[in-house]
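Undergrad: Got a structure here, written out as structure tokens. Questions coming.
Every read-out reported here was derived from the displayed coordinates using simple, explicitly stated rules and does not represent laboratory data. Note that the coordinates shown come from a computational prediction; the quantities given were computed from them, not determined experimentally. Quick reminder, even Gly has a Cβ in these numbers, built from the backbone with ideal geometry, and neighbours come from all protein chains shown.
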Amino acid sequence: MSNNNLVIFDTTMRDGEQSPGASMTKDEKVRIGKTLERLGVDVMEAGFAIASKGDFEAVKAVASVVKESTVCSLARANTKDIDAAAQALEPAPRRRIHTFIATSPIHMQYKLKMQPDQVVEAAVAAVKYARQFTDDVEFSAEDAGRSEPDFLCRIFEAVIAAGAGTINVPDTVGYALPYEFGNLIGNIIERTPNSDKAIFSVHCHNDLGLAVANSLAAVQQGARQVECTVNGLGERAGNASLEEIVMAMRVRKDLMELETGIDTTQIVPASRLVSSITGFPVQPNKAIVGANAFAHESGIHQDGVLKHRETYEIMSAEDVGWSANRMVLGKHSGRAAFKNRLEELGIMPSDENAFGDAFVRFKALADKKHDIFDEDLVALMTGDNASDGEVMFKLSDLEVSSKMGAVPEARVELDVQGEQVEMMAQGDGPVDAALKAIEKIAQSGAEIKLYNVNAINAGTESQGEVTVRLERAGRIVNGVGADTDIVVASARAYLHALNQMMRPQVRQHPQTSTV
Ligand code: KIV
Ligand code: ZN
């Protein structure tokens, strides 16, 4: 690989999944994996195989369908984790094991309760062990941002000698400032004797809103891999956002002088898919993928853009996929056209029955809505529509009465594992009444932490996409539902969240403990 290349390592399905409530099912990961492959990421971290049976299966499923990008699994520095990662990655033509251990004094003393020598020993043993399964092994020094540079050089020299081809330097807690982090990377590369035998990578968290700035500063000092996520999803305040890194590299090529393999026209479709699968809406003013990112409000700006686009725009909306993918389907579109578009968007379901159900939903939507855009298709294939496996609650019917000056009422009928149950409730508004009626049936005791409505396309005929976040006993889940009627969309989002809450989830967090 040429030194003019910046490796884009996407961790939406691993670190992104660590955002509270953003957990993804196997089918959802497969869909995201195909989308990331179309986007052109070099490496995708599909999960943490040891975390749960579900995540193991998800990594394996992604490894079975993705051919062009390298598929990676995280593993702590121990043989059990590495065995699980290797097994899950087996079907992938290109696979990487990413093993890590913490290196900062605070993590070594309080979390690992290990001496620095023991940490080096465990890291070397893990890399050697992982190399038995693949030539492509990455080593991360967790909390490198707060580690002693001398110790980082020591451990990196040892793991490179043991066979690690990529050395990742994470700012795990998002503490670094750009000039400081850039200097750290430059310094480590210069002082690690065998640094020319590895690609240096960075993985920045966004706790101070500096993840992208820190990553770019590191690239300027010699890092040649950036770990990032679609929409900047990730643990706590998230990771460096893929779309911002890629577009900064492209727009400021005059200074950055590196290429990525990303097809930037796939950025917005990827952002939309990740947002609807995870239930994390994209804020309107988010760079590149926010609804307002290319909207000029002020008259002076509009006038300038009309006269000469570059007066106020540094890149075009089309370059990042804002309108390139707005193919329209409608009521007269047949199965072939529908199937073709789902395939192009990478959201085609794996079995014929699921496709048949999706086509029925498509026809029902086309009866209500004249033009069906790609965004509608994504909504049709995600959220509550895409729940794999049996669900506890299904919406059978919903009726609301709402009149100025009167208390809104809702009548809800649910299919609860085959039995029809009906309930009425009043509320502060029709949505509130509908959700209260559902809760009277479900008796979940969950608290609504977020309720958000977005229009999927412009115009009043658009589908409303509703996100509901629920919390119960510390567990957070997100539900997404879309419909041309926002009360129905809200009920579906709430049921989607409830159905997820009902599934047991035992999932280990990668940063709990190690070795
Ligand atoms: O933030 C972090 O340190 C990580 C590592 C596991 C790479 O996510
Ligand atoms: Zn991280």
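Undergrad: Please sort by residue number the chymotrypsin sites (Phe, Trp or Tyr not before Pro) in the range 123-163 whose DSSP state is loop and whose Cβ has at most 10 other Cβ atoms within 10 Å. Provide the component values of the computation, followed by the final result.
TA: On the way: sites: Y129, F133, F139, F151, F156; in loops: F133.
In loop regions of the range 123-163 (DSSP not H, G, I, E or B), there are no sparsely surrounded chymotrypsin sites (Phe, Trp or Tyr not before Pro).
Undergrad: While we're looking at this one, here's another question. For the chain, what is the percent of antiparallel DSSP beta bridges, rounded to the nearest 5?
TA: Counting DSSP beta bridges with both partners in the chain, the antiparallel share is about 50 percent.
Undergrad: How are the C-alpha pair distances of the range 81-212 spread across 10 Å bins, as whole percents from the shortest bin up?
TA: 13, 43, 34, 10, 0
Undergrad: What GluC sites (Glu not before Pro) does the range 388-489 have in DSSP loop regions with at most 12 other beta carbons within 10 Å?
TA: Passing sites in the range 388-489 are E390, E461.
Undergrad: Oh, and also: What would the Debye formula give as log10 I(q)/I(0) at q = 0.09 Å⁻¹ for the alpha-carbon point model of the chain, no solvent?
TA: -0.66
Undergrad: While we're on this one: Once the piece of chain linking E344 and T460 is laid out straight, how much longer is it, given 0.36 nm per residue of separation minus the C-alpha distance between them?
TA: Extra length from E344 to T460 when fully extended: 39.0 nm.
Undergrad: What does the extension gain come out to for I314 and R154, with contour length at 0.36 nm per residue minus their alpha carbon separation?
TA: Values: separation 160, 0.36 × 160 = 57.60 nm, distance 4.27 nm.
Stretched out fully, the I314 to R154 stretch lengthens by 53.3 nm.
Undergrad: Using Cα-Cα distances under 8 Å and only pairs 6 or more residues apart, what relative contact order does the range 151-262 have, in percent?
TA: Computed over the range 151-262, the figure is 24 percent.
Undergrad: Where in the chain is the longest stretch that carries no trypsin sites (Lys or Arg not before Pro) classed as loop by DSSP and with at most 16 other Cβ atoms within 10 Å?
TA: Excluding the exposed sites themselves, the longest stretch runs over 114-235.
Undergrad: Write down the radius of gyration of the range 330-435 and its Dmax, each obtained from C-alpha positions, in Å.
TA: 17.0, 49
Undergrad: Could you let me know the centre-to-centre spacing of the range 90-145 and the range 1-56, using Cα atoms, in angstrom?
TA: 19 Å
Undergrad: In percent, what relative contact order does the chain have, based on Cα pairs under 8 Å that are 6 or more apart in sequence?
TA: 12 percent
Undergrad: Per residue of the chain, what 222 nm ellipticity follows from adding -39500 (n - 2.57) for every DSSP H run with n ≥ 4, rounded to the nearest 500? Could you put the intermediate results ahead of the total?
TA: Values: 16 runs with 192 residues, N = 515.
That comes out to -11500 deg cm²/dmol.
Undergrad: Using R₀ = 25 Å, calculate the FRET efficiency as 1/(1 + (r/R₀)^6) where r is the Cβ-Cβ separation of E190 and D83; round to 0.05. Kindly include the intermediate steps, with their values, before the conclusion.
TA: Numbers: r = 36 Å, r/R0 = 1.44.
Rounded to the nearest 0.05, the efficiency is 0.10.
Undergrad: Name the lysines eligible as straight-distance cross-link partners of K53: C-alpha to C-alpha under 27 Å, and not fewer than 8 places from it in the same chain.
TA: K26, K29, K34, K67, K80, K111, K128, K394
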